[in-house]
Amino acid sequence: MNKYIIGATLVVALFSCKQNSEPISEETIATESKKANDFFEASFKEDVSISPMLQTQLGVKTNYGEWDDFSNQAEAKELERAKNRLAYLNDSLNVNALNKETALSYTLYKQDLEHTIEDYAFRLYNYPVNQMHGMHAEIPAFLINMHSINSVEDAEAYISRLKGLEKVYADVSENLSIRETNGIMPPKFVFEKVIGDSKNLIKGRPFEKSNEVSALMEDFTTKVNTLSIPKDEKEDLLNKAEKALTEQVRPAFEGLISTMQDQQQRATVENGVWKFPKGDQFYNLALKRTTTTSLTANEIHEIGLNEVARIHKEMEQIMQDVGFNGTLQDFFKFMREDEKFYYKNTVEDKQAYKDKATAIINTMKGTLDKLFNTKPKAELVVKAVEPFREKSAGKAFYQQPAIDGSRPGTYYVNLYDMSAMPTYQMEALAYHEGIPGHHMQIAISQELENIPAFRKHSFYTAYVEGWALYSEYIPKEVGYYKDPYSDFGRLAMELWRSCRLVVDTGIHAKKWTREEGIEYYKKNTPNAESDCIKMVERHIVMPGQATAYKVGMNKILELRNLSEEKLGSNFDIKEFHDIILKDGALPLDILTQKVEAWIASK
């Protein structure tokens, strides 16, 4: 085992500039580092070449009319690639001769390969169709949000992708059947939601005589109408799209719906992954991957309980500051029900919400110089979640920009139920999804020039979501959250993420029921009941994922407190943020070592 790798974790020596006892020449370091980086680049290009969808995300149109391989064989091919690449790293590179930046890339890449190989045993332990990020909704959303049409060729590629949905959803149906054979099937509540969303996609013209136009037909028509081509060419393209929708897309969705309706009859109300074969082992691995720590389910559960208690005390102080008489539960009820905290469910109010969210982000942009040296170049827009998936989608999420600048970053807000989108949470939500949260971190990562391409697109949930939750907090330090109700909203968002630690582990490790999870949220947060239900159902279909936010935030705050304590007057918040952001996403253990090395260097 080489000196830099201990249990796939990078030691602090990687971030120092210490030499080995036997000096290595600069020429050798340059040669070996180039060899490693050439390998990383070639591997990334191979990954791009076999993923038409990744190509589209990157703004590349090489295989623009094709889909990725969703067959059961695809993961076996990925496993084989991982094994071959790991063998190359072990046999063909001298890690001791790599420069500091390349050594970090080596460690991250090797760790990822090792995880891919280890995780293959649990490749079936997920739900390809679920109400959060299911294939039934993600594929149409990809066409709508990613597939731009700037030429006739682009339109033909869109039509080709419509035709290809029969194969895509046949593969998805087969994957669902394989999982059921292995004892893995979503709980009963999932089916009603995903079947409903799937049926929504084949409603309206051209699927039926209606005043409404289907989501995909509307999207294609809108995009084609922007082309400067003769009217008869447009009509020809629209006719081809209608034919593909009725002859390929409808049977594709009908086949998927049929599979789901069949499985629905055998679904149970057991929600935790403890019901799976080796479910406990899978959940422990899921927590390890999600948090990039060795925290156990019990430890995470206790952290959550302690954080909930702390935040409740801070909320009680705000309750006193605004002169509210009653218990914290009374205050929660007031915040849930008072009309002054909510927009109405009208087109005008929904637009007003988007406008206000945009204004919050634009105002924050003007303050970034107080906190950051490095800022993103990519633009950010605010959009409402599309109607076909808004009923079951989460309340807000982020979509990264195209790396070539052809598509801005997008902060999605779910305006289906305005009673779940209180105005007192608007600031914290915009900072989390937009600036200085997801957009800033992800766009900066994509725009870095000193790291290999694979690191620009790495996603460690604890780091990415930990940064976004930390980003809800830092605007307070530069004068935001002036309204105490808005500051309460910030605490409510942090409280929500703390409750996640309790409920996720409760469901998957302690056999809580869905109803027990919902009741915990209702009792301990001011959120709407619909919020509580959606969150518990998210825990159920994405085991472990929601624990990353608070674990990641706590680690970043811990590292900042350590830096301030050790550096005193030499601490610079902008430099600290550069240390956190300017290597792209990192596992928390490696981020810790990086910050410790920075402190030592100062």
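Scanning the stretch 479-493 for residues that are outside the structural domain of S49 (by TED's automatic domain parsing), touching a Ser or Thr at 6+ places or on another chain (Cβ under 9 Å) and over 28 Å from E379 (Cβ atoms) turns up at least one hit. Mind counting the residues in the stretch 446-492 that are in contact with a Leu (Cβ under 8 Å, 6 or more places away or on another chain), aliphatic (A, V, I, L, M) and modelled with pLDDT of 95 or more? Number of matching residues: 2.
Going by the structure shown, is I556 touching a residue at least 60 places away in the same chain (Cβ under 8 Å) and touching a helix residue (DSSP H, G or I) at 6+ places or on another chain (Cβ under 7 Å)? Against the criterion (touching a residue at least 60 places away in the same chain (Cβ under 8 Å) and touching a helix residue (DSSP H, G or I) at 6+ places or on another chain (Cβ under 7 Å)), I556 qualifies.
Would you call T290 within 26 Å of V464 (Cα to Cα) and either assigned by TED's automatic domain parsing to the domain that holds A528 or surrounded by 14 or more Cβ atoms within 10 Å (Cβ to Cβ) (or both)? The answer is yes for T290. Total residues in the stretch 437-466 satisfying the condition of being under 11 Å from the mean Cα position of the chain (by Cα) and either hydrophobic (A, V, I, L, M, F, W, C) or outside the structural domain of N362 (by TED's automatic domain parsing) (or both): the figure is 4.
Taken together, the residues in the stretch 211-231 that are of a type in the set (V, I, T) and in contact (Cβ under 8 Å) with a residue 12 or more places away in the chain amount to 4. When we screen I590, I556 for residues that are in a helix (DSSP H, G or I), over 20 Å from N298 (Cα atoms) and in contact with a Ser or Thr (Cβ under 8 Å, 6 or more places away or on another chain), the only hit is I590.
All conditions but one from (1) over 22 Å from I556 (Cα atoms); (2) touching a Gly at 6+ places or on another chain (Cβ under 6 Å) apply to E316; the one that does not is (2).
Pairing residues of the stretch 137-166 that are surrounded by fewer than 16 Cβ atoms within 10 Å (Cβ to Cβ) with residues that are hydroxyl-bearing (S, T, Y) and assigned to a helix (DSSP H, G or I), at Cβ distances under 7 Å and at least 6 apart in sequence or on separate chains, gives M146/T56.
Counting just the residues of the stretch 513-553 that are among the polar types (S, T, N, Q) and assigned to a helix (DSSP H, G or I), which one comes out surrounded by the fewest Cβ atoms within 10 Å (Cβ to Cβ)?
Checked the stretch 513-553; the qualifying residue surrounded by the fewest Cβ atoms within 10 Å (Cβ to Cβ) is S530.
If I ask for residues that are farther than 16 Å from L287 by Cα and among the hydrophobic types (A, V, I, L, M, F, W, C), which ones from the stretch 500-520 would you list? Matches in the stretch 500-520: W512, I518.
The values are calculated or read from the model by the stated rules, or taken from the named source; none is laboratory data. Just so we're clear, the structure is a prediction, and the values are computed from it rather than from any experiment. Positions of Cβ are generated from backbone atoms using ideal geometry, with glycine treated the same way; all protein chains shown enter the neighbour counts.
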